[in-house]
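Please see the structure below; I have some questions.
The values are calculated or read from the model by the stated rules, or taken from the named source; none is laboratory data. The model shown is predicted, which means the values in this text are computed figures rather than measured ones. Reconstructed Cβ throughout: ideal geometry from the backbone, glycine too, with neighbour counts over all protein chains shown. Surface areas here come from the heavy atoms of the whole protein model, side chains and all, with no ligands, DNA or RNA. Shrake-Rupley method; radii C 1.70, N 1.55, O 1.52, S 1.80 Å.
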Amino acid sequence: MSTIRMVLRICALASHPLDVARMQHSYPCFRQMSTDAQSIAARLSASGIFRTQGLIGGKWTEAYDGNTIKVHNPATGDVIANVPCMGKRETSDAISSAYDAFNSWSKLTANERSRRLRKWYDLLIAHKEELGQLITLEQGKPLNEAMGEVNYGASFIEFYAEEAKRVYGDIIPATLADRRLFSLKQPVGVVGAITPWNFPLAMITRKVGPALACGCTVVIKPSELTPLTALAAAELSLQAGIPPGVVNVVMGNASDIGDTLLASPQVRKITFTGSTAVGKKLMAGSAATVKKISLELGGNAPCIVFDDADLDVAVKGSLAAKFRNSGQTCVCANRIIVQEGIYEKFANAFANAVQNLKVGNGFTEGVAQGPLINEAAVQKVESFVQDAVSKGAKVMLGGKRHSLGMTFYEPTVISDANSEMLVSREEVFGPVAPLLRFKTEEEAIRIANDTNAGLASYIFTTNVQRSWRVAEALEYGLVGINEGLISTEVAPFGGFKQSGLGREGSKYGIDEYLEIKYVCLGNMDRA
Ligand code: ADP
């Protein structure tokens, strides 16, 4: 029996502790999973959403050569499942399925697509608990944050189920009396959606919601680190009545899958969330077939605390903006820039608040900080902290691996950071908060804008005029004023400069998946 089948079978069987023990004895691979992971996997399996194969044309599919990759629990290192390691051939078939399905899906009425998306939303919410557990299991974030991601992720499906019915065109006043001009909007076609591991559900629904709403079909490539949530969501899309071929999921060899999507003239759009380096590659690769592209890339979010800020609001907001998902989001505050008059008070209050963040396995009650995604992520954080210290920064709190081992890192506050340090120049993507000092509003804006990134930014001030002035001056796609958590399905999300192209969410998000067609009707004078 192949390892995947073995895991699937044991997950289907092992719903009782005694079964778990029996399975452990019979199948060595199952012994790699902790008891917690086994029982969660068993529960997920019983609910029918623990899928470990790719989805092509509505069929659950192994890699054609039988190769697999292991999915690990970052909190324990346990193997959760083996999933197919797919490549060019599977991706080509997924594209063909999506291309064929486009014909019928795009011809449904908006209302029909809307109803199915709404059903999908209902199913995602009905399975919130299992999906949350799956996210914690493969990604590591605390369970309450994971459940929050399910709500957030599902909200894009709900929102675009509604927007599906609002894709309007225009009647354009004609320049000649015998003509009638209008514009209509049509789906762009097959979409390749490439997503990262930090939000295993939401990064997919943000793309697939608007794509499906307007009639596109998709080939999703989730991160190989967190494919199980994507597969569970895809299973629920089938249960919602979204026809086979409309949603396809392939994973495995990222560059082979990416190259196949890029090379295909049938794929008319690439939507990507991930690193700036890969985003640039995809942008260049899209040129050969002139695809439409949306990119949501890295950030370097400034969080500016002015002397006139409400201290409690500033601490609470900066904490949320920095330490959500252990600092592993592209909108996480990367630099906390504090005015000199409030600097000491803020630094102490902030460090106190950070000290109270409980670190541990995301399934443990009260945990606010899970593990980092992998060893490479920890090494990056370590090297950034080392660089900062070598250039004169002081570690106020943390600054090293956590005693829990694995990929746990202590929530860290660094004072006396400056713009020359790696922590300020690049995205740390971990639980490290560098504090920089400034004197004037102009200086704060200059420091904040001194980067090629331009995704999220945050300001803390009680001065209304200043909040407008600074919000307008920041070269960022998102500005939070006195608030650290600002993402929502109803507002446009996207970056300035090298943080990306296009917007996700809101009424604007659907435009990324639409072509505008101009139609001219002539000879109106003729009887
Ligand atoms: P991160 O550092 O967040 O993992 P990446 O940009 O490496 O960011 O990954 C984001 C997504 O892009 C993942 O699904 C990954 O597998 C995919 N990816 C990485 N390299 C390529 C590539 N050459 N072509 C297509 N997708 C890629």
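Stretch E472-K507 to full length: gain in nm at 0.36 nm per residue minus the Cα-Cα span? All intermediate terms of the calculation are to be shown ahead of the outcome.
Values: separation 35, 0.36 × 35 = 12.60 nm, distance 2.18 nm.
Additional length available on full extension: 10.4 nm.
Kindly state, to the nearest 0.05, the FRET efficiency for Q186 paired with K281, given R0 = 41 Å and r defined as their beta-carbon distance.
On the way: r = 29 Å, r/R0 = 0.70.
Working from the Cβ atoms, E equals 0.90.
DSSP beta bridges in the chain, what fraction antiparallel, as a percent rounded to 5?
Values: 27 of 67 bridges.
If I count the DSSP bridges inside the chain, around 40 percent turn out antiparallel.
Moving to a separate point now. Shape of region 391-513 from its Cα gyration tensor (a ≥ b ≥ c, root eigenvalues): rounded if a/c is under 1.5, otherwise prolate when a/b > b/c, or oblate? Don't jump to the answer; show the numbers that get you there.
Working: a/c = 2.03, a/b = 1.35, b/c = 1.50.
Judged from the Cα gyration tensor, region 391-513 comes out oblate (a/c at least 1.5, b/c at or above a/b).
How far is the Cα center of region 379-400 from the Cα center of region 476-527, in Å?
Distance between centres, Cα-based: 39 Å.
Something else: Compute the signed sum of charges (Lys and Arg +1, Asp and Glu -1) over the other residues within less than 14 Å, Cβ to Cβ, of S286. Kindly include the intermediate steps, with their values, before the conclusion.
Details: positive: R268, K269, K280, K281, K291, K292; negative: D259, E512.
Charge balance in the 14 Å sphere: +4.
Same structure, new question: At a threshold of 8 angstrom on Cα-Cα distance, excluding pairs fewer than six apart, so keeping six or more, what relative contact order does region 344-395 reach in percent? Intermediate values should be presented prior to the final figure.
Details: 25 pairs, mean separation 9.0, N = 52.
Across region 344-395, relative contact order equals 17 percent.
Moving on to the next point. In region 384-527, what percentage of the DSSP-assigned beta bridges are antiparallel, given to the nearest 5?
On the way: 5 of 13 bridges.
Around 40 percent antiparallel, to the nearest 5.
Could you work out the local net charge near G298, counting Lys and Arg as +1, Asp and Glu as -1, over the other residues with Cβ closer than 13 Å to its Cβ?
Details: positive: K280, K380, R425, K497; negative: E296, E426, E427.
My count for the surroundings of G298 gives +1.
How far, in nm, would the chain grow between D100 and S255 when pulled straight, counting 0.36 nm per residue and subtracting the alpha carbon separation?
Values: separation 155, 0.36 × 155 = 55.80 nm, distance 2.43 nm.
Residue separation times 0.36 nm, minus the Cα-Cα distance, leaves 53.4 nm.
Run the numbers on the chain and let me know its relative contact order in percent, using alpha-carbon pairs under 8 Å that are six or more apart.
Details: 1215 pairs, mean separation 84.0, N = 527.
Once normalised by length, the contact order is 16 percent.
Hey, what did region 381-527 get for relative contact order, percent, Cα under 8 Å, at least 6 apart? Write down the numbers at each step before the final one.
Details: 208 pairs, mean separation 21.2, N = 147.
The value is 14 percent.
How many nm separate the modelled label positions at S419 and I171, each set 7 Å beyond the Cα in the direction of the Cβ?
5.5 nm
Can you send over the carbon and sulfur percentage of the accessible area for the chain, probe radius 1.4 Å, protein chains only?
Values: 10960 of 20870 Å².
Answer for the chain: carbon and sulfur cover 53 percent of the accessible area.
Which distance in nm do the two modelled labels at K391 and A126 give, with both placed 7 Å along the Cα-to-Cβ direction?
5.3 nm
Can you flag which of K128/K345; K358/K380; K292/K380; K88/K400; K119/K497 are past 31 Å Cα-Cα? Walk me through the intermediate numbers first.
Numbers: K128/K345 40 Å; K358/K380 22 Å; K292/K380 33 Å; K88/K400 41 Å; K119/K497 37 Å.
Too far apart for the 31 Å limit: K128/K345; K292/K380; K88/K400; K119/K497.
Would you mind getting the accessible area per residue of the chain, heavy atoms of the protein chains only, 1.4 Å probe, in Å²? List each step's numbers first, then the result.
Details: 20870 Å² over 527 residues.
Here the per-residue accessible area is 40 Å².
P(r) tail for the chain, what percent of Cα pairs lie past 47 Å? Walk me through the intermediate numbers first.
Numbers: 19003 of 138601 pairs.
Result: 14 percent of Cα pairs exceed 47 Å.
Using a cut-off of 10 Å between beta-carbons, work out the net charge of the residues near G484 (Lys and Arg +1, Asp and Glu -1, G484 not included).
On the way: positive: K316, K322, R324; negative: E483.
Once all neighbours under 10 Å are counted, the net charge is +2.
Averaging over every viewing direction, what projected area does the convex hull of the Cα atoms of region 241-363 cover, in nm²?
On the way: hull surface 48.7 nm².
Average projection, Cα convex hull of region 241-363: 12.2 nm².
Would you mind telling me the antiparallel percentage of the DSSP bridges in region 153-279, rounded to 5? Please report the intermediate quantities before stating the final value.
On the way: 3 of 16 bridges.
Antiparallel bridges: around 20 percent, rounded to the nearest 5.
Mind checking which of G360, L44, A471 is farthest towards the positive end of the chain's charge dipole, using Cβ charges of +1 (Lys, Arg) and -1 (Asp, Glu) about the Cα centre?
L44
So for the pair Q465, E382, with labels modelled 7 Å out along Cα→Cβ, what separation do we get in nm?
5.1 nm
To continue, here is another question. Going by average Cβ density within 10 Å per residue, which order do the peptides 419-427, 85-93, 297-305, 388-396 take, highest to lowest? Could you put the intermediate results ahead of the total?
On the way: 419-427: 19.3, 85-93: 21.6, 297-305: 26.9, 388-396: 16.1.
By packing density, highest mean first, the sequence is 297-305, 85-93, 419-427, 388-396.
Here's another thing I want to ask about it. Given the -39500 (n - 2.57) contribution per DSSP H run of 4+ residues, what per-residue ellipticity at 222 nm results for the chain, rounded to the nearest 500 deg cm²/dmol?
Working: 18 runs with 216 residues, N = 527.
Rounded to the nearest 500, it is -12500 deg cm²/dmol.
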